[in-house]
Structure formats: structure tokens, C-alpha cells
Amino acid sequence: MTLGVLAVLGMAFTMFAGFWTDWLWYRSVKYSSVFTTTLWTKIGLFFVFGLLMALAVGFNIWLAHRLRPPLSAMSMEQQSLDRYRMGIAPYKTWLLLGITALVGLIAGASASSQWRTWLMWVNGVPFHQKDPQFHLDVSFYAFDLPWYRFLLGFGFAAAILSLIAAALTHYLYGGLRITSPGARATSAATGHLSVLLGVFVALKAVAYWLDRYGLAVKSSDFKATDNWTGLRYVDANAYLPAKTILFCIAVICALLFFATLWRRTWQLPVIGFGLMVLSAILIGGLYPAIVQKFQVQPNEQAKEAPYVQKNLKATREAYGIDGAKVSDYSGTSKTKDKSTLRDDVDSTASIRILDPNIVSPTFQQLQQIRNYYAFPTNLDVDRYSKDGKDQDTVIGLRELNLNGIPKNNWINDHFRYTHGYGVVAAKGTETQDGQPVFTESDLPSTGDLGKYQQQIYYGEKTTAYSIVGGPQKEIDYSDDSGEKTTSYKGKSGVNLANPINRAAYAVAFNEPQILYSGAIGEGSRILYNRTPKERVEAVAPWLTIDGDAYPAVVNHRIQWIVDAYTTTNGYPYASRTTLGDTTADSLTATNTNRAVVAQQNQVNYIRNSVKATVDAYTGEVKLYQWDTKDPVLKTWMKAFPGTVQPRTAISNDLLAHLRYPQDLFKVQRELLTRYHVTDAQTFLTGSEVWQVPDDPTNKSGNAVPPYYLSMKMPDQASQAFSLTTTFTPNGRDNLSAFMAVDADAKSSDYGRIRVLKLPTSTTVDGPKQVQSQLNSEQDIASAIKLLKGGDSDIEYGNLLTVPLDEGLLYVEPVYVRGGGLKYPLMRKVLVTYGGKTAFEDTLDQALNKVFGAESSTNPPSDEGTTKPPTSSNPTVQQALNDAQKAFDAGQEALKKNDWTAYGQAQKDLEAALKRAEDAQAKADRTSGGSGNKSSSSPSPSGSPSSSSGSG
């Protein structure tokens with residue numbers, strides 16, 4: 001008995017711990033209203049529908065028992081059931097309660113999962129747009145119809161369960177007889193079961209009526225497109241009248257069942273039910289098939305064109321691509337003297353040669369400083385202003401890396417090493433000796449960003465919980481003077497001073513030490529749910545989160561910026577897409593954090609309606625209304641009042657870093673492969689179908705990712721921060737279109753989509769064909785072979801496309817990893833324009849070669865020059881001098897195509913760098929393990945001299 005009581009108490013406290021810790025967390029982030037609204041909605045639905053189901057089933061069992069016949073003249077069949085009746089007689093009340101409680105619990109649990117459907121129905125606001133078939137507001141399909149379908153499903157479940165329960169009860173107590181001679185059912189049982197069957201058929205009539213409206217959001221296979229949604233010719237002219245006829249038949253059939261209360265016979269209801277089934281087969285199945293076969297197929301384009309036109313209009317509106325401007329673009333420059341275009345390149349685009357998806361290891365090697373810091377796999381592109389001019393910047397945070405701490409144990413993992421430190425940023429358009437040109441670097445970080453709160457307690461790589469603010473000091477960072485410690489001063493997290501809280505978290509995290517550890521004391525707070533995506537999803541569970549949160553320094557604080565979407569699956573006539581599939585590309589194939597993998601259900605309406613921020617120090621989450629017209633967002637704002645701040649609350653400093661989100665852009669570009677056309681006949685022929693090309697820079701076989709780039713389209717007067725992509729014809733590799741969207745939130749053209757459509761009569765090289773030139777041109781192939789000498793590897797950066805004078809300029813940086821280096825350096829730049837290709841050491845050299853002229857606007861670049869580093873350690877300095885000599889020797893060997901000498905120079909370079917690393921490490925150990933800022937200076941080969949704790 002004691003063990004049983006303890007087990008029950010243990011289970012009860014475990015359930016309480018989960019509930020209590022959730023409540024504490026929501027209260028700590030000041031979104032307790034989200035928790036309470038969701039909780040009370042679930043509880044209300046659970047009890048209301050659980051009680052309704054229990055009453056429906058229980059009442060019908062009670063009624064069947066009440067209508068039982070006298071058992072004075074029992075048949076043999078009833079005598080065999082007598083022992084069952086006798087067995088349950090003493091417990092029939094408890095059995096009735098048990099059965100009703102069980103079905104009530106199941107029904108209530110199912111209903112509670114519909115809390116989103118209920119909140120959208122009860123708070124729905126109109127779209128002020130009507131569907132073209134029934135002329136109902138779109139809100140009916142998005143908010144009302146899903147709730148009506150749930151009610152209908154619940155009604156069917158209640159009717160079927162009640163019918164089964166009543167029939168079993170009638171059989172047990174003699175109301176139904178299967179093998180006995182004479183009447184098979186008493187008049188009371190006949191009337192009771194007929195009413196239940198009548199209710200079922202009446203619900204079927206309602207289902208037929210709702211199915212009429214469901215045709216507007218019905219998915220079907222259609223050769224014109226995948227995931228077609230809406231009525232087609234056969235739907236409007238066969239299924240729609242068929243559903244109306246079946247509705248009438250079902251109503252009549254239901255009335256016949258109800259009539260058995262007066263005419264105690266099933267003859268007419270059974271005949272009516274049979275006719276309804278036959279009608280469903282003939283009218284609902286056979287007739288539409290005949291219409292499709294003999295009316296539609298012989299003249300499909302003419303029959304389907306009006307409905308395709310409706311689908312085109314609705315799909316373009318639902319995905320926000322109805323304003324896309326498609327312009328003709330020849331793809332071939334008409335300027336004979338290409339040298340006159342050299343200066344136009346500089347004014348047309350700020351070409352970003354630093355690829356954020358390649359250079360993370362370079363950031364790691366040069367700026368990690370300590371092993372317990374790390375950068376994300378893919379860095380981010382943002383804009384920062386200097387001297388009044390915006391600069392495309394590659395940025396990453398030095399986040400906490402628990403795998404790199406000296407010794408893993410509970411105290412170190414959760415009390416000592418709790419946060420990352422500082423921003424590292426580099427110019428996107430420049431390199432020096434193949435390395436990034438840092439605008440913010442070192443530890444603590446210094447540079448162009450000024451002063452800001454540098455501790456990073458919340459980040460993409462911060463997944464473990466930390467306990468901060470108590471007696472245990474935290475490691476802040478290390479410098480030449482030694483290890484710096486700190487104690488968290490923020491108000492984030494949950495206070496663990498309360499013993500109930502500690503016990504709850506000990507159970508919730510399955511960590512008993514939280515309950516009794518002496519490292520926890522007054523002021524201790526536990527931080528968890530620390531990734532930006534987790535926090536925004538938790539406080540706004542009705543939003544779909546973009547796969548790529550990015551950091552920005554805003555008002556002297558590091559803020560994670562998260563794009564969030566409102567979606568629905570109920571926009572009439574708009575074709576559906578699966579976000580998880582549509583947003584996949586070559587980056588998400590290797591980095592699952594970038595994919596919207598949680599959103600695998602289909603949607604046919606999407607808006608980037610919310611911009612969210614998460615403070616990297618305090619974890620504070622703020623939601624801002626971005627799309628002020630979105631009715632889905634307005635609905636959720638009614639359901640959760642006060643959670644979303646108005647757009648006017650966005651500061652100018654934050655606005656400068658907001659950008660057009662990648663996942664929305666990828667969804668839109670996928671739809672535009674077909675829906676760039678506005679004519680139904682062209683759409684049906686499929687002659688203008690495009691595809692997003694595979695990424696030519698790797699062998700993943702996935703789509704090329706979109707790229708951020710400051711550039712100007714032909715109709716723009718100046719450069720704008722943009723998000724770009726290319727299209728190729730379906731099944732071919734030549735270019736068919738180029739697409740860009742204004743991604744600068746400060747711009748009046750923000751979100752404007754421009755598509756340059758190339759003529760089908762000429763062939764313009766696409767990304768894959770441009771990439772193949774690396775292997776087809778002999779000089780380039782020889783240069784690549786030279787770069788691959790020894791143990792070096794080649795990594796191709798982002799292949800950027802820039803429209804220029806009716807032609808297309810392709811630029812691709814090429815990185816080399818190897819020769820003793822553990823990270824990639826940019827060594828070459830590929831430039832292609834008008835059939836002429838250059839493969840040079842710098843972007844300027846490549847552009848000059850392609851256009852046959854030098855730029856008159858850019859000062860001479862110092863790219864490729866060598867600046868030997870200095871060190872206060874003579875041993876390190878001597879090794880670096882040797883490395884410089886080996887590097888110079890290797891460059892001379894490259895010019896002479898002397899492979900033997902080049903290989904020897906690489907070996908000498910690696911040996912010299914190793915000596916420098918060992919000497920510096922020894923010096924650091926002697927000085928107590930502190931870092932040496934000079935050790936992060938560039939080495940002759942573009943490598944840093946290693947520092948203690950670096951990768």
C-alpha cells in the first residue's frame with residue numbers, strides 16, 4: 001500500500017513538475033497570457049466535448065436499458081446471455097460510468113488538440129475577398145469551414161458510438177434477437193436505433209452540403225500543376241450538382257428513419273438508405289467520370305481555361321506574387337566596346353566575394369580564440385553603415401561550445417561556461433591575402449560596431465541549460481591578463497531560490513543535483529529554451545518560424561532577428577505547397593537548422609506578418625506586427641491580445657537590419673516557376689515552365705540557395721540590398737529568368753519582386769553551364785589543377801549573377817583549403833560576361849580582363865599583397881619569417897608551373913607554421929594560458945599564427 005501511494009505521488013509530482021516549469025518559464029518571458037489562453041482553451045474543449053460525448057453514449061445506453069423488454073418468456077438465445085446479465089447486474093452503474101468516462105476522455109483529448117481551430121473560428125476577421133464560385137469571404141474557408149468539419153466529425157463519432165453502445169445493450173437485454181424465431185427487434189429498439197441512424201444520415205446530409213464549399217479548397221491531381229486546389233470543370237458541372245442532389249436525398253432518408261417512431265418498421269428507411277448509397281455511386285462517382293471522359297478530355301483547354309484563370313489569380317494573391325513585375329531581358333549586351341562597361345560594374349553591384357557559407361572555418365581559426373567558442377556552420381549577411389555608406393557585411397557570433405571546454409562535468413557545463421562572447425564581422429566585398437577583412441574582431445570584440453553588450457547567453461548553438469547569477473562565478477573571457485569572470489545580472493530565466501522550483505526542475509530535467517547542489521543559492525536562475533527559434537515558437541505557437549535567425553547589433557545590444565509567418569490551408573483556388581520541401585536547398589541539406597523541417601503540412605497562403613527579436617543577453621522576446629493587412633495575423637492578435645507590438649514600435653536602428661526572409665523568397669520562387677504566367681492557355685500548355693537549378697558549386701543535387709547582394713535592376717536608379725535567384729527551363733541548363741526582390745526594409749520598394757525573362761529563341765548560359773567552364777577552358781583547368789597541388793582542396797563560393805547592360809555578369813570566388821591550412825582562403829575569382837571568362841587572383845583583375853579595361857572609380861586594391869606579421873616572441877617571429885619565405889617560394893613556383901618546387905614550398909610552409917604554433921602554445925602555457933592578441937595576426941600564407949585554445 002505504501003509503495004503504491006508513493007508511486008502515485010511520484011507520478012502526480014512528475015506531471016505537476018512539467019506543468020509548473022512551463023508556467024514559470026512563460027511568466028519569466030512575460031508571455032504568461034499565451035500559456036493561460038492556450039491552457040484554458042484546451043481545458044474548455046476537453047470538458048465540453050468530453051462531457052457531450054459521455055452524455056451522448058451514456059444516455060443511449062441508459063435509454064436502451066430502460067426500453068428493455070420483459071424477460072418472462074426468454075428464448076434460448078436470451079437464456080445464453082442470462083449469465084452475462086447476472087454478472088454485470090451488481091456493477092451496471094459503475095460499468096456505465098466507466099464506459100462513458102472512457103469515451104469522454106478520448107473525445108475530450110481529441111477535441112483539446114483543436115484549440116487553434118477553435119480560436120481561429122471564434123476570433124476570425126474577414127479577408128474582404130470573396131471566392132469566385134460561391135462568393136463567400138475567404139475567412140469562411142480559412143476560419144469557419146475547418147471548425148464546422150471538426151463539429152461534423154465529432155457528431156459522426158458520437159452517433160456511431162451511441163449506435164454501437166445502444167445496439168449492444170438492446171441485444172444484451174433482449175431488444176434485438178439474431179437467432180431467435182419471430183421478430184428480430186422490439187418496437188422500442190426499432191424506434192431507438194432508427195432515430196440514431198436518422199441522426200447519422202442527417203449528419204451525412206450536412207456533410208454533403210459542406211462538401212459543396214469544400215470543392216473550393218479541394219486538392220486534386222491536374223497535369224497543369226502539382227497540388228492543384230479549387231474547382232475544375234467537372235467539379236462545377238458534375239460534382240457540385242451531385243452534392244446538392246445527394247444532400248436532398250440524405251435529408252429525405254433521414255426523415256424516413258425518424259418516421260419509424262410512428263411506423264415501427266424499417267422497410268422504408270432501409271429502401272431510402274439503399275437508394276442514397278446507389279445515388280452516391282451513380283451521381284457522385286459515375287456521372288462525374290462520364291463528364292470528364294466525354295466532355296472535358298476532348299476539349300480540355302477550352303473547358304478548363306476559366307477555372308485555371310481563377311487558380312492563377314488566387315495562387316498569385318495567396319503567396320504575395322501578384323505584384324511580381326516580369327520584364328523581357330535580351331540576355332546579350334549590344335555594346336560593342338565592352339571596355340566602356342567596366343565602370344558600370346562598380347555602380348551596378350557591390351559584388352560580395354566573401355561567401356558566408358564557406359568562410360565559417362576561417363572565422364573559427366582566426367577569431368575563435370578559445371576552444372569553448374564556436375561559430376555557426378553558415379554565417380549571415382547584413383548591412384552596416386560606415387561613413388554614411390551601407391556595407392554588405394558577413395557576421396557571426398562567438399557562441400558557447402561546450403565540446404571545447406577543458407573538462408566536461410556538471411559544474412563546468414552548467415555553471416562555469418554559460419555564454420559566448422562578442423561579434424565578429426567582415427566586409428563582404430573585400431579580402432586581404434585571401435582572408436576576410438574584419439570590421440569587428442578580437443576578444444573582447446572591437447571595431448566599427450562601437451560599444452555593446454557582448455555576452456551571448458542566447459544563441460543558435462546554445463542548447464544546454466545554464467544556472468547563473470548564484471554563488472558560482474562564470475567564465476567571461478580570457479585575455480593577456482588572465483581569466484575574467486562575471487555573474488549574470490539579467491532578469492531572464494527562473495529563480496531557483498524557491499525549493500519547490502528546484503524540486504520541479506530536478507524532476508523536469510532529470511537532474512537530482514539541482515535539488516541539493518551547493519552551487520545553487522540566492523539569486524541563482526536557470527536559463528533554458530535558449531535558441532531564438534525555440535523562444536519565438538514557444539511564445540507564439542501560432543506562427544511558422546523561418547529557418548535562419550540572424551544576429552545584429554541594435555541599440556548597443558546583440559539582437560537575434562527572427563522572421564515569422566502566418567499561414568493557412570484554406571485559401572480557395574490557391575494551389576498548395578509543402579514548406580519543408582519548398583524551402584530545402586543545398587544549404588539545408590548539410591545544415592538542418594536552416595530548414596523549416598517542423599512545417600511539413602501543406603499550406604496555400606503565407607505572409608511574413610511578424611518580425612521578432614530575441615535579446616542575446618536577456619533572452620527578451622519581442623514580436624512586431626510587420627504585415628498590417630494580414631487577416632490571419634489580426635485573428636491571432638484578437639486571440640492573444642497584447643502579445644504583438646504595433647509596427648510603429650520598431651526602432652530605426654532595428655529597421656536598418658530587417659530584411660526580406662529567405663524561406664518566403666524560396667516559396668515564392670518555387671511558385672513562380674509556373675505562376676509567372678497570367679494566361680490560362682499558356683499555363684495549360686506548360687511551355688513556359690521553369691525550374692530552380694541545382695547548386696552547381698557542390699554535388700548535393702539540391703536547389704541553389706538564394707543570395708543576398710547589393711545591386712540594382714535595370715529599372716532602378718541605384719543599388720538596393722536584394723535577394724536574388726536564377727531560373728532555368730524545365731529539364732535544361734540554359735538560363736530562362738533572373739529574379740530579385742528588394743530586401744531592404746527601409747526601402748519604399750521593400751518586397752517588390754522583379755523578374756527578368758530571357759527570350760526562348762536564344763540561349764544564355766545558366767549557372768551549371770558557367771560552372772562547367774571551370775573544367776572546359778584549358779587555362780582555367782590548368783590553374784585549378786595547380787591550386788589542387790599537394791593536399792589542397794578546392795571549394796567554390798556562391799555563384800552570383802548580376803544583370804548588366806542587357807547581359808548577365810557571373811562572379812564566383814574560389815577558395816583553397818590545404819597546404820597546412822585548416823580553413824579556406826579565397827585564392828581566385830571567376831568572372832564571366834558575354835562569352836568571355838577570366839580566372840584571376842582578385843575580383844578587380846578578373847573584371848579588368850573580361851572588360852579589357854581598368855576601373856576608374858576604385859583605388860588600387862591591396863589584395864594579394866603580403867604584410868608579414870610581428871610577434872613579441874622571437875621564436876615565433878623566426879618561424880613566421882620562414883613561413884613568409886616558403887610562401888614566396890611557392891608563389892614563384894606557381895608562376896613557373898614547377899610542381900616539385902611548389903610541393904616542397906608547401907611542406908616548408910606547413911613546418912614553419914607548426915613551429916610557430918608550438919612556440920606560441922609553449923609561451924602561453926608559461927604565461928598561465930592567457931591569450932595573445934598578436935597571435936591572431938595574418939600569416940604570410942593567409943594563415944593566422946595559432947593561439948592558445950584556437951582550433
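Tabulated data
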| read-out | value |
| --- | --- |
| Residue satisfying condition, being of a type in the set (Gly, Ala, Ser), surrounded by 14 or more Cβ atoms within 10 Å (Cβ to Cβ) and in a helix (DSSP H, G or I), within set 519, 506 | 506 |
| Strands (runs of 3 or more DSSP E) contained in the range 435-494 and holding at least 2 residues hydroxyl-bearing (Ser, Thr, Tyr) | 435-441, 474-479, 482-486 |
| Residue 267 vs. criteria surrounded by 12 or more Cβ atoms within 10 Å (Cβ to Cβ) and among the polar types (S, T, N, Q) | no |
| Set 358, 281, 271: member being within 37 Å of the chain's Cα centre (by Cα) and not assigned by TED's automatic domain parsing to the domain that holds residue 806 | 358 |
| Any hit, the range 121-141, residues being of a type in the set (Asp, Glu) and out of contact with any helix residue (DSSP H, G or I) (no Cβ under 6 Å at 6 or more places or on another chain) | yes |
| Matching residues in the range 518-555 - criterion: being within 17 Å of the chain's Cα centre (by Cα) and hydrophobic (A, V, I, L, M, F, W, C) | 536, 538, 539, 540, 542, 543, 545, 549 |
| Test: residue in the range 346-361 that is under 27 Å from residue 755 (Cβ atoms), in contact with a Phe, Trp or Tyr (Cβ under 6 Å, 6 or more places away or on another chain) and among the hydrophobic types (A, V, I, L, M, F, W, C) | no |
| Count of residues meeting criterion [free of Cβ contacts under 8 Å to residues at least 24 places away in the same chain and not in a helix (DSSP H, G or I)] in the range 522-548 | 0 |
| Meets criteria (at pLDDT 95 or above and either closer than 13 Å to residue 110 by Cα or of a type outside the set (Phe, Trp, Tyr) (or both)) for residue 81 | no |
| Qualifying residue in the range 857-864 (condition: among the hydroxyl-bearing types (Ser, Thr, Tyr), modelled with pLDDT of 65 or more and within 27 Å of residue 806 (Cβ to Cβ)) | no |
| Test: residue in the range 535-553 that is in the same structural domain as residue 356 (by TED's automatic domain parsing) and of a type in the set (Val, Ile, Thr) | no |
| Criterion (hydrophobic (A, V, I, L, M, F, W, C), touching a residue at least 12 places away in the same chain (Cβ under 8 Å) and assigned to a helix (DSSP H, G or I)) met by exactly one of 278, 282, 231, 268 | 268 |
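So that you can scan it fast, the table gives a plain yes or no per residue for (1) closer than 17 Å to residue 413 by Cα; (2) outside the structural domain of residue 550 (by TED's automatic domain parsing); (3) in contact with a Phe, Trp or Tyr (Cβ under 8 Å, 6 or more places away or on another chain):
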{"position": "457", "(1), (2), (3)": "yes, yes, yes"}
{"position": "468", "(1), (2), (3)": "yes, yes, yes"}
{"position": "475", "(1), (2), (3)": "yes, yes, yes"}
{"position": "481", "(1), (2), (3)": "no, yes, no"}
{"position": "488", "(1), (2), (3)": "yes, yes, yes"}
{"position": "492", "(1), (2), (3)": "no, yes, yes"}
{"position": "496", "(1), (2), (3)": "no, yes, yes"}
{"position": "499", "(1), (2), (3)": "no, yes, no"}
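The values are calculated or read from the model by the stated rules, or taken from the named source; none is laboratory data. Note that the coordinates shown come from a computational prediction; the quantities given were computed from them, not determined experimentally. Note: ideal-geometry Cβ built from the backbone for every residue, glycine included; neighbour counts use all protein chains shown.
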